[in-house]
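Structure first, commentary second.
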Amino acid sequence: MRFDFRPTDDLFAKRAYRKYVPRVPRKAAGQIFLEVLKLECKAHLRNGKSKAMTKDTITTPSTDTLMEAARQLGDKKLPPIHLWNPAFCGDLDMRIARDGTWFYLGTPIGRPELVRLFSTILKKEDGKYFLVTPVEKVGITVDDAPFVAVDFEAAGADDAQVLLFETNVGDKVLAGKDHPIRVVRDAHTGEPSPYVLVRDDLEALIDRKSFYRLVEIGAHKDDWFGLWSEGAFFPMIPSDELHAE
């Protein structure tokens, strides 16, 4: 039986698939694919090569352009991991730090295409994180959220405003009822930690510079200071506390 998993559309994944996953039984193919991921990590560690992730040039978009971008992004297919429920095969020595850096065997993974590949087969179940194929599932450690929102674009104003976030692995998310923003405040320090839902219970921590920019375009509603996006209001802090600060 041919292994029919296509992890992502990027060139690295295509090369890995063609090179390492030939016509073999599904179980063997799943084992091979996970071993490929491990081997690619080890090769990166040996070579010591790293490529910096880049971002698109910041532009001033309109509401229509952001909505169109969101529709186009929605057409990009990810692996149907919600349909996969393989047996748990143990934990992998892999960790996602709070700043979005992926580590393997304690060393950062510097290849953006490899990190992107991992991110497309990431799944959360009962508060725990796993990398999955159709036939295997391995656990990994996530310090906070698996993604980081490193930038955003805003268009419109008040309840007509839309916010389009970009993550460290290239996902773009239009905040709204299906992708809500939430803020968690530290019980001791009051320090806010803002998040936006990317997909399937996987969130992105909004980085500090983006959060400061969001505060500048916030609004008040029903005694709360928060953000509008796609007709939804997301409260961040009580208005009286903001004024007190």
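The values are calculated or read from the model by the stated rules, or taken from the named source; none is laboratory data. The shown structure was predicted, so the numbers you read here are calculated from the model rather than taken from an experiment. Quick reminder, even Gly has a Cβ in these numbers, built from the backbone with ideal geometry, and neighbours come from all protein chains shown. Just so you know, the surface numbers come from the protein's heavy atoms only, side chains and all, with ligands and any DNA or RNA stripped out. Shrake-Rupley method; radii C 1.70, N 1.55, O 1.52, S 1.80 Å.
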For region 158-170, name all the residues that are under 23 Å from P192 (Cβ atoms), open to solvent by 30 Å² or more (accessible area, probe 1.4 Å) and not acidic (D, E). none
Please go through region 196-211 and give me each residue that is in contact with a strand residue (DSSP E or B) (Cβ under 8 Å, 6 or more places away or on another chain) and part of a helix (DSSP H, G or I), ordered by number. S210, F211
Does any residue of region 171-186 turn out to be touching a His at 6+ places or on another chain (Cβ under 8 Å) and either surrounded by 14 or more Cβ atoms within 10 Å (Cβ to Cβ) or at pLDDT 95 or above (or both)? yes
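From the set of residues in region 187-222 that are within 18 Å of the chain's Cα centre (by Cα) and under 19 Å from S239 (Cβ atoms), which is most open to solvent (accessible area, probe 1.4 Å)?
F211
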Quick check on my filter: what residues within region 148-178 are farther than 25 Å from E113 by Cβ and either assigned to a loop (DSSP other than H, G, I, E, B) or without any contact (Cβ under 8 Å) to a residue 40 or more places away in the chain (or both)? G156, A157, Q161, A175, K177, D178
Checking the condition touching a Lys or Arg at 6+ places or on another chain (Cβ under 9 Å) and open to solvent by less than 30 Å² (accessible area, probe 1.4 Å), which residue from F225, F234 passes? F234
